[in-house]
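Everything below concerns the one structure shown next.
The values are calculated or read from the model by the stated rules, or taken from the named source; none is laboratory data. Because the structure is predicted, anything quoted here is derived from the model rather than measured. Note that each Cβ is placed from the backbone with ideal geometry, even for glycine, and that neighbours are counted across all protein chains shown.
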Amino acid sequence: MDRNPPQTTSEELDLYIRTYYSLLRSSGEVRVRAFEEAHIYSNSSLHEGSRDPAPDVAAFAYSSARLPACIFAVRRIVLGQSHEHFEAAGLQVREWQPVTTRGRRRPLRWNGSDTLAAFVTSISDIDDLIPIVTAFQIEWNKLHQALFGSALGRQLAARKRGLPTDSAQLESPTRLGPIDPTDPLDQAALGTVLSLDAAGMKTLQAALGESLLDGLCEMAQRDLDLRIRLLVGSYSQYQRAAQRWWSGIEPDYLRTTQPRRPPVYFVSSNSHSVVNLVGGYARLHRDQLIHFAKQRNPEHLAESLTEAIHSGNEAKANNLLYYLLRAFLHDPFGAPHRQEVRQFDCESGIQSVESPGRIDVSAQLVQISSLQKERIDPRLLTGKLADSFSRLQHSEAMIVNIDYPLGMAAYHLLSRLAQGVGEVRGVYVMGKAATLNGRVGDVMISSVVHDEHSQNTYLLRNCFASGDVQPYLEGGTVLDNQKALTVRSAFLQNRAYMSGFYHEGYTVLEMEAGPYLSAIYEIVNPSRHPKNEIVNLANSTPFEVGLLHYASDTPYSRRQSLLSKSLSYFGVESTYGCTIAILQRILHSELARLS
């Protein structure tokens with residue numbers, strides 16, 4: 001296998017990155033329009049229609065999903081690293097309204113008017129947010145131009161201004177009268193004005209969601225001219241944020257008895273899969289969740305759950321129950337049970353820490369000795385583990401699972417955690433990725449990772465193989481011996497750039513593996529990680545390293561991808577298949593130590 005890094009660069013992408021970092025050095029606000037030319041000529045594969053006059057609603061949907069609904073009212077965005085930085089700039093963000101997005105976890109605060117504050121915990125937040133905002137503005141203004149001057153657009157703008165919308169009172173009447181986006185005739189007329197077919201209109205509706213009418217009215221009335229300001233962007237402040245994060249976890253990690261700092265198996269996955277598999281609340285409260293599914297039928301999964309139970313497919317039924325638990329706890333129907341779930345988890349040695357240090361990367365600490373065999377998913381209890389589970393009661397180790405961070409935040413958080421724990425016994429990373437040779441729902445296992453941040457190519461002995469995950473997948477395929485590329489941002493890649501990597505066999509695109517491997521290098525070596533080198537970690541780590549990625553996007557085969565839709569339940573089988581493999585590895589490893 002050729003292990004040399006691909007000899008390829010992208011001047012367009014480099015120019016784009018240099019452009020926004022040089023402009024953001026300004027102490028004042030910068031117009032997003034200053035980034036547009038570099039953004040357009042970067043030829044981003046997620047924004048292939050940036051140069052076209054017709055709206056690229058797929059890119060607009062991708063961007064919208066990663067911005068809060070209040071973006072329609074926002075005129076300026078301020079980026080900062082702490083509350084103190086915002087307050088020094090006169091922005092009392094502690095009093096502002098927290099807002100969220102559908103597609104990205106990032107602490108955001110809105111002043112209820114024209115200003116959005118975004119907390120950045122690493123340079124990846126900047127590399128991620130700037131292209132998202134720029135693409136959103138480019139496509140907003142295309143939609144505005146399409147609506148501007150049309151009778152339908154004037155009708156929408158009049159509605160926004162509170163003027164009469166009766167077609168008889170409009171300067172250029174239309175046959176439609178007051179717009180109703182739920183009316184298929186109006187949808188057809190709107191599609192004609194925006195040059196969108198039925199699929200494009202469906203994507204636009206998905207992008208705007210419940211804000212469809214308000215968004216269209218806002219876009220019809222004005223073009224978008226956002227301004228953005230970076231208050232501070234220093235490396236030391238990123239480290240300080242990681243310190244705040246660990247300070248929020250450490251009190252739950254430390255013991256009053258020996259060992260004071262127990263050994264740790266580190267897992268980067270999500271906030272639900274590990275807890276569901278070893279805590280067991282959803283599986284042992286099946287009737288409660290079945291009743292909820294029948295009453296609410298979230299994502300129309302009630303029929304699938306009933307079918308899985310009646311057919312005796314316990315694996316699928318359990319995966320559905322785990323998926324439904326989150327919806328249950330966020331629904332008024334199940335919200336009163338949140339404390340009951342926390343208490344149930346505590347009985348199994350599971351302690352959850354939400355947004356430690358006000359960093360939006362939650363953590364769960366699992367005391368292995370407190371796990372209860374009857375609560376554990378049966379798929380975990382195989383081989384020696386089933387017969388010798390009681391020995392785990394003598395374990396001193398903990399599993400620290402964190403909700404996977406974005407990009408370089410992974411480096412800062414793992415580095416800080418390694419400084420605070422007694423011993424690292426394993427590092428296991430599960431996350432989403434784009435695939436160049438697989439399908440959505442497949443699982444990729446990589447032994448080579450090229451990192452765009454450090455320009456290093458890491459070689460590792462991945463502790464997982466296809467046979468560790470494949471038994472738990474009905475529909476997906478597990479591809480091992482893959483090569484992964486850690487990108488700076490989903491937007492910061494294009495076809496010409498990727499062709500060089502694909503030629504060298506890189507088929508997995510993701511954002512965290514490289515930073516994690518840089519942190520692992522520093523955990524086991526006396527120096528900082530190098531740059532632009534081939535780094536062999538295969539035989540130098542005293543603990544296991546495992547990387548698992550499940551495919552959420554196929555950007556170069558068909559442009560369906562996650563530009564306009566979420567994995568939703570489709571990714572649950574892959575998620576739990578990967579998590580089962582990780583937990584089996586941890587528990588068998590700990591059992592072997594105790595034996």
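Points worth noting:
- Taking region 456-469 as the range and being exposed (fewer than 15 other Cβ atoms within 10 Å of the Cβ) and closer than 21 Å to S518 by Cα as the test, only R461 passes.
- Residue match in region 91-102 (condition: touching a residue at least 40 places away in the same chain (Cβ under 8 Å) and either among the polar types (S, T, N, Q) or surrounded by 22 or more Cβ atoms within 10 Å (Cβ to Cβ) (or both)): no
- Candidate set from region 291-305 (those that are assigned to a helix (DSSP H, G or I) and at positive phi); member that is surrounded by the most Cβ atoms within 10 Å (Cβ to Cβ): E299
- Restricting region 306-354 to residues that are among the polar types (S, T, N, Q), assigned to a loop (DSSP other than H, G, I, E, B) and without any contact (Cβ under 8 Å) to a residue 40 or more places away in the chain leaves a set whose member that is nearest to R286 (Cα to Cα) is N313.
- Only one entry in S247, S234 is touching a residue at least 60 places away in the same chain (Cβ under 8 Å), surrounded by fewer than 13 Cβ atoms within 10 Å (Cβ to Cβ) and either over 23 Å from the mean Cα position of the chain (by Cα) or not assigned by TED's automatic domain parsing to the domain that holds Y21 (or both), namely S234.
- The selection criterion, being under 24 Å from P471 (Cβ atoms), in contact with a strand residue (DSSP E or B) (Cβ under 7 Å, 6 or more places away or on another chain) and modelled with pLDDT of 95 or more, does not hold for I402.
- Residue within region 470-489 that is crowded, with 17+ Cβ neighbours inside 10 Å, in contact with a strand residue (DSSP E or B) (Cβ under 8 Å, 6 or more places away or on another chain) and within 26 Å of M398 (Cα to Cα) present: no
- So V366, is it surrounded by 18 or more Cβ atoms within 10 Å (Cβ to Cβ), assigned by TED's automatic domain parsing to the domain that holds V267, in contact (Cβ under 8 Å) with a residue 40 or more places away in the chain and not in a strand (DSSP E or B): no
- If the condition is being farther than 23 Å from S10 by Cα and in contact with an Asp or Glu (Cβ under 9 Å, 6 or more places away or on another chain), then region 32-55 contributes only P55.
- Enumeration of residues in region 190-240 that are among the acidic types (D, E) and either closer than 13 Å to L147 by Cβ or not in a loop (DSSP other than H, G, I, E, B) (or both): E210, D214, E218, D223
- Of all residues in region 493-504, those that are among the acidic types (D, E) have Cβ atoms under 8 Å from Cβ atoms of residues that are crowded, with 21+ Cβ neighbours inside 10 Å, 6 or more apart or on another chain, in E504/K483.
- Every residue from region 529-548 that is surrounded by fewer than 18 Cβ atoms within 10 Å (Cβ to Cβ) and within 17 Å of L417 (Cβ to Cβ): P542
- Matching residues, region 36-57, being hydrophobic (A, V, I, L, M, F, W, C), in a helix (DSSP H, G or I) and under 25 Å from the mean Cα position of the chain (by Cα): I40, V57
- Evaluation of T256 against (1) surrounded by fewer than 20 Cβ atoms within 10 Å (Cβ to Cβ); (2) in contact with a Lys or Arg (Cβ under 7 Å, 6 or more places away or on another chain); (3) not aromatic (F, W, Y) (one fails), failing number: (2)
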